[in-house]
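Working notes for the structure below.
The values are calculated or read from the model by the stated rules, or taken from the named source; none is laboratory data. For clarity, every value in this text was computed on a predicted model and none was experimentally measured. Backbone-built Cβ (ideal geometry, glycine too); neighbour counts: all protein chains shown. All accessible areas refer to the heavy atoms of the entire protein, side chains included, with ligands and DNA or RNA removed. Shrake-Rupley method; radii C 1.70, N 1.55, O 1.52, S 1.80 Å.
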Amino acid sequence: VQLQASGGGLVQAGGSLRLSCAASGNVFSINIMGWHRQAPGNQRELVASSSRAGISFYDDSVKGRFTISRDNARNTVSLQMNSLKPEDTAVYYCAARRFGREEWIGWGQGTQVTVSS
């Protein structure tokens, strides 16, 4: 399974960005697709995820501002980010979890999101 994220950029605080991710390979094995981010000096953290059945998870830091959406037919997942804050600045990655497995796989290069104050 391979995933590729796109859509990052530079935006002012309060602005919006939309990230997209497409999966390829053995996509039928994928249950959860998620967005993670890593800021300089910080560990990578899970921001939001969506299961094949449509169950979503959001980290408290992004609840009410970010929305994850998934298209199972197209094997894509998007992250709409509104009301962006400087602390959202990070490299954003998408990854997947297969049915019955705990580890995240398919990490791509990530996409940079920079929010200026």
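Determine, for each peptide in 106-113, 54-61, 41-48, the mean count of other beta carbons within 10 angstrom over its residues, then list the peptides with the highest first.
106-113, 41-48, 54-61
Size of the dipole of the chain about the Cα centre, Lys and Arg at +1 and Asp and Glu at -1 on the beta carbon, nothing else charged, in debye to 20?
With Lys and Arg at +1 and Asp and Glu at -1, about 260 debye.
Counting only heavy atoms of protein chains, what accessible area per residue, in Å², does segment 1-87 have with a probe of 1.4 Å?
On a per-residue basis, 52 Å².
Can you pull the one-decimal nm distance between simple spin-label points at residue 87 and residue 109, each 7 Å off the Cα toward Cβ?
My value for the distance between the label points is 3.1 nm.
As a test, work out the antiparallel percent of DSSP beta bridges whose residues both lie in segment 4-117, rounded to the nearest 5. Walk me through the intermediate numbers first.
Working: 37 of 41 bridges.
Antiparallel: roughly 90 percent of the beta bridges in segment 4-117.
Relative to the present Cα-Cα distance, how much length would full extension add between residue 101 and residue 69 at 0.36 nm per residue of separation?
Separation in residues times 0.36 nm, less the Cα-Cα distance, equals 9.3 nm.
Could you check how much of the accessible area of the chain is carbon and sulfur, as a whole percent, using a 1.4 Å probe?
Carbon and sulfur atoms account for 48 percent of the accessible area of the chain.
Would you mind counting up the charge near residue 111? Only other residues with Cβ under 15 Å from its Cβ, with Lys and Arg at +1 and Asp and Glu at -1.
Its environment carries a net charge of +2.
Please compute P(r) over all alpha-carbon pairs of the chain, binned at 5 Å starting from zero, and give each bin as a whole-number percent.
In whole percents, the pair-distance histogram is 2, 13, 25, 26, 19, 10, 5, 1, 0.
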